[in-house]
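Here's the structure we're looking at; comments come further down.
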Amino acid sequence: MRPSRRTTLSLSAILLTGLTWATTGSAAPAGALGPAPGVADLVKDIDQILGDARLTPARAGVVVRSAASGEELYALDSGKILTPASNTKLLTSAAAVENLGLDFRFTTSVLSTGRRAGSALAGDLYLRGTGDPTMLAADYDALAAEVAASGIKVVTGRLVADDTWFDDVRLGTDWAWDDEPYYYAAQISALTASPNTDYDAGTVIVSVAPGDAAGKRPKVTTTPETDHLKIENRAVTGAETDVTIERRHGTNTVVITGTVADEQQEWVTVDDPTAYATSLFRASLARHGVRVLGGAARAAVPEGAAAVASHESMPLRELLVPFMKLSNNMHAEILTKAIGRKVSGAGTWSAGLAAITSFAKANGMTTLNLRDGSGLSRMDGLTPGGLTRYLAALRAKPWFDAWYGALPIAGQADRMVGGTLRSRMRGTPAAGNVHAKTGSLTGVTSLSGYVTSADNEPLVFSVMLNQYLSAAPRDIEDKIAVRLAQFRRDAPVDAVVQLKQEAQAENASELECSWLKPAQC
């Protein structure tokens, strides 16, 4: 049986359009006016789109609302809890801006204890982090260069990592253990590193290239160069590429198997990001002529430690772009803990999620359940009705324009503009118009955000599809978004723009474009 549908028009809609009756799915009484022709046409068309056979066994929640008046133009299961996947980031990102501010920066610092005797430090050298997901090997190298420039050449004590800004819980509640090797489920730490400017914190890029001859081992390199991973190269050079690069569960051993005919890359998570970051820093110190005689340790920086070097991240207003455009899970989780640290002094998931939930409830969401900041947990739950009220409320925030600009934009080819919508809705009225957040898990797809109608009315919408058995039916989301871009209150649409078949084919994958990385997007 298909899910029941209920479309509603609020009292404000009645007043705005001159109606005396709101559609509720039953016939209007004799003499009553129906909905405005454009609204009735929109309802009919969305109903038809949602009649897709792929949704027969599935759950679907869809709400369309006027962003200006709050009027509900379309509603299907508005108050039902659904799994949002990365639509959760709409809450985390905005709560981060509200609580931390657009100018917030992460700081990574080097401090020392003991006394200086010429070029020798008779004490420990500390590396302290606050969660910066944008730290590259080059940034740790710059810190090491500052240490050397301060005159320190020998550290008689230890290199001590201070990652106490956050707690030591590395993985989110409900995350699947078999996701742990993959970069979208990396471990969270106050000290971490990213391999490139996508800023996938807690990962290393492992690259394989053909060897000197068929049957020979392929060449393996890592970005950044690191001794934190152990590589077991069992692959061979062959006539085609069919290679697996995977970190063995619970270890830092990466096993490479299969055949290699051309260069391939895989983003691999590390076990213990703190040790990973510290190893990069130690190697950089050595390159700059600073010898650390002691071993490695972990402890909080003691009171009275002397500052030696520091690095500040880009401000949050800039970090929002790779975070939201590329749907970066680790940015979401790091910001969740940063929010907790700021609001309650505890860099924990529970503290951060409490603050995010409070912000969401204060801005229109009455029913929700958050287990992480990224949407990777299948226990996260939002309602499409609550999400549209929330999206409408955010438009009044003084920081809205900066946040809105960080959302993916339909059909814009540049990765840092179109993001996860860069290949969707191209050549339609939605291209360059729809600013929205995507969401993907196996059996879950969602799209929620903003669109301007054909008569220049700002709309908010949320489409959440759960428990389908087909490939991801993202074309259904796209059809609804395109139809909203065509919406006019005063008249039906003569011809609904059809999506190109190529765009539908691209949307069949279960993973967001960003999860497949640039070469595959």
(request) Within region 270-304, track down each residue that is of a type in the set (Ser, Thr, Tyr) and either within 18 Å of THR130 (Cα to Cα) or in the same structural domain as ALA209 (by TED's automatic domain parsing) (or both). (result) THR274, TYR276, THR278, SER279
(request) Report yes if some residue within region 336-346 is surrounded by fewer than 15 Cβ atoms within 10 Å (Cβ to Cβ) and either free of Cβ contacts under 8 Å to residues at least 60 places away in the same chain or assigned to a helix (DSSP H, G or I) (or both); otherwise report no. (result) yes
(request) Output the residue which, of all residues in region 47-64 that are in contact (Cβ under 8 Å) with a residue 24 or more places away in the chain and farther than 19 Å from SER78 by Cβ, is surrounded by the most Cβ atoms within 10 Å (Cβ to Cβ). (result) ASP52
(request) Using the structure shown, decide if LEU459 is over 15 Å from ILE49 (Cβ atoms) and either modelled with pLDDT of 95 or more or surrounded by 24 or more Cβ atoms within 10 Å (Cβ to Cβ) (or both). (result) yes
(message) Yes or no: region 108-131 includes at least one residue that is buried (at least 19 other Cβ atoms within 10 Å of the Cβ), aromatic (Phe, Trp, Tyr), at pLDDT 95 or above and part of a loop (DSSP other than H, G, I, E, B).
(response) no
(request) Considering only region 368-382, state which residues are assigned to a loop (DSSP other than H, G, I, E, B) and touching a strand residue (DSSP E or B) at 6+ places or on another chain (Cβ under 7 Å). (result) GLY375, ARG378, MET379, ASP380
(message) Could you list, ordered by first residue, the pairs with Cβ atoms under 9 Å in which the first is in region 381-397 and among the aromatic types (Phe, Trp, Tyr) and the second is part of a helix (DSSP H, G or I), at least 6 apart or interchain?
(response) TYR390/LEU90; TYR390/LEU91; TYR390/ALA94; TYR390/ALA360
(request) Could you tell me whether ALA471 is part of a strand (DSSP E or B), without any contact (Cβ under 8 Å) to a residue 60 or more places away in the chain and either within 24 Å of ALA185 (Cβ to Cβ) or of a type in the set (Asp, Glu) (or both)? (result) no
(request) Considering (1) free of Cβ contacts under 8 Å to residues at least 60 places away in the same chain; (2) in a strand (DSSP E or B); (3) under 30 Å from LYS153 (Cβ atoms); (4) not small (Gly, Ala, Ser), say which one VAL204 fails and leave the rest. (result) (1)
(request) Quick one: ASN233 ticks every box in (1) surrounded by fewer than 21 Cβ atoms within 10 Å (Cβ to Cβ); (2) in contact with a Leu (Cβ under 7 Å, 6 or more places away or on another chain); (3) assigned by TED's automatic domain parsing to the domain that holds GLY211; (4) not charged (D, E, K, R) except a single one, so which number is it? (result) (2)
(message) Could you check region 132-166 and list, in sequence order, the residues that are outside any loop (DSSP other than H, G, I, E, B) and out of contact with any helix residue (DSSP H, G or I) (no Cβ under 7 Å at 6 or more places or on another chain)?
(response) ALA138, ASP139, ALA142, ALA145, GLU146, ALA148, ALA149, VAL154, VAL155, VAL160, ASP162
(request) Please work out if VAL463 is touching a residue at least 12 places away in the same chain (Cβ under 8 Å) and farther than 28 Å from MET379 by Cβ. (result) no
(request) Take ALA176 and decide whether it is of a type outside the set (D, E, K, R), closer than 18 Å to ALA332 by Cβ and surrounded by fewer than 18 Cβ atoms within 10 Å (Cβ to Cβ). (result) yes
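To keep it simple, each residue is scored yes or no on (1) in contact with a Lys or Arg (Cβ under 7 Å, 6 or more places away or on another chain); (2) of a type in the set (D, E, K, R).
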site	(1), (2)
SER119	yes, no
ASP132	no, yes
ALA137	no, no
LEU159	yes, no
TRP165	yes, no
LEU171	no, no
TRP175	no, no
(request) Within region 401-456, work out how many residues are among the charged types (D, E, K, R) and surrounded by 18 or more Cβ atoms within 10 Å (Cβ to Cβ). (result) 5
(message) With the structure loaded, tell me whether SER194 is part of a loop (DSSP other than H, G, I, E, B), closer than 22 Å to ASN329 by Cβ, small (Gly, Ala, Ser) and in contact with a strand residue (DSSP E or B) (Cβ under 8 Å, 6 or more places away or on another chain) or whether it fails that test.
(response) yes
(message) Condition (residue is under 27 Å from ARG59 (Cβ atoms) and part of a loop (DSSP other than H, G, I, E, B)) applied to region 389-398: is it met by at least one residue?
(response) no
(message) Restricting to region 59-102, name every residue that is under 24 Å from PHE487 (Cα atoms), touching a Gly at 6+ places or on another chain (Cβ under 6 Å) and of a type in the set (D, E, K, R).
(response) ASP77
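With the requirement that a residue be aliphatic (A, V, I, L, M) and farther than 17 Å from TRP349 by Cβ, what does region 180-203 give you?
LEU191, ALA193
The values are calculated or read from the model by the stated rules, or taken from the named source; none is laboratory data. Values in this document were obtained by computation on a predicted structure and should not be read as measured data. All Cβ positions, glycine included, derive from the backbone under ideal geometry; neighbour counts span all protein chains shown.
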